[in-house]
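Q: The structure that follows is given in the form of structure tokens.
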Amino acid sequence: APRHLFTYGTLRPSLGHPASRRLDGASVPAGPATLEGALHHLGRYPGVVPGAGAGRVHGELVELLPAGADALLAALDAYEGPEYDRVVADTRTASGATVPAWVYVLRAVPPHARPIPGGDWAAEAGAADG
């Protein structure tokens, strides 16, 4: 199992969303990273559809601490709910290294979703929170 989690929306530590506090004590920030795929705006949060050539999704890696990893992932699975699947995908760090990481991906893109062409939820988050 990967030791990292790729966060791109409400779990991104730098965005300060309350949901990201779930990571406190069970992970440490591991820096910015990207994932090949398409990012969609779903209202109050985004969703990713991975895929080569679909663009680049910007986010942050967190390293899961061994002692808390299983409990954290179980809690995040419940938080993300049936809309998402947790899969392993290759991410790319700022230095160009490839790091396999858990990532929550959309099972299906809902009709109301709209693409985020730049692939960065941080640029959209202010508008989303009203």
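The values are calculated or read from the model by the stated rules, or taken from the named source; none is laboratory data. What you are looking at is a predicted structure, and each value in this text was computed from that prediction instead of being measured. Note that we place each Cβ from the backbone using ideal geometry, even for glycine, and neighbour counts take in every protein chain shown. Note: areas computed on protein heavy atoms with side chains; ligands, DNA, RNA excluded. Shrake-Rupley method; radii C 1.70, N 1.55, O 1.52, S 1.80 Å.
Q: Could you grab me the full set of residues in the stretch 45-59 that are loosely packed, with under 14 Cβ neighbours inside 10 Å and either closer than 15 Å to Tyr104 by Cα or in contact with a Ser or Thr (Cβ under 8 Å, 6 or more places away or on another chain) (or both)?
A: Answer for the stretch 45-59, where residues must be loosely packed, with under 14 Cβ neighbours inside 10 Å and either closer than 15 Å to Tyr104 by Cα or in contact with a Ser or Thr (Cβ under 8 Å, 6 or more places away or on another chain) (or both): just Gly51.
Q: Also, I was wondering about something else. Can you name the number of the only condition in (1) open to solvent by 40 Å² or more (accessible area, probe 1.4 Å); (2) outside any loop (DSSP other than H, G, I, E, B); (3) modelled with pLDDT under 95; (4) small (Gly, Ala, Ser) that Ala75 fails?
A: For Ala75, the exception is condition (3).
Q: Okay, next question. Applying the selection to the stretch 1-22, what residues are hydrophobic (A, V, I, L, M, F, W, C) and either surrounded by fewer than 22 Cβ atoms within 10 Å (Cβ to Cβ) or out of contact with any strand residue (DSSP E or B) (no Cβ under 7 Å at 6 or more places or on another chain) (or both)?
A: Ala1, Leu11, Leu15, Ala19
Q: Oh, and also: Looking only at residues in the stretch 25-65 that are over 25 Å from Gly96 (Cβ atoms) and in contact (Cβ under 8 Å) with a residue 60 or more places away in the chain, which one is nearest to the chain's Cα centre (by Cα)?
A: Selected residue: Gly47.
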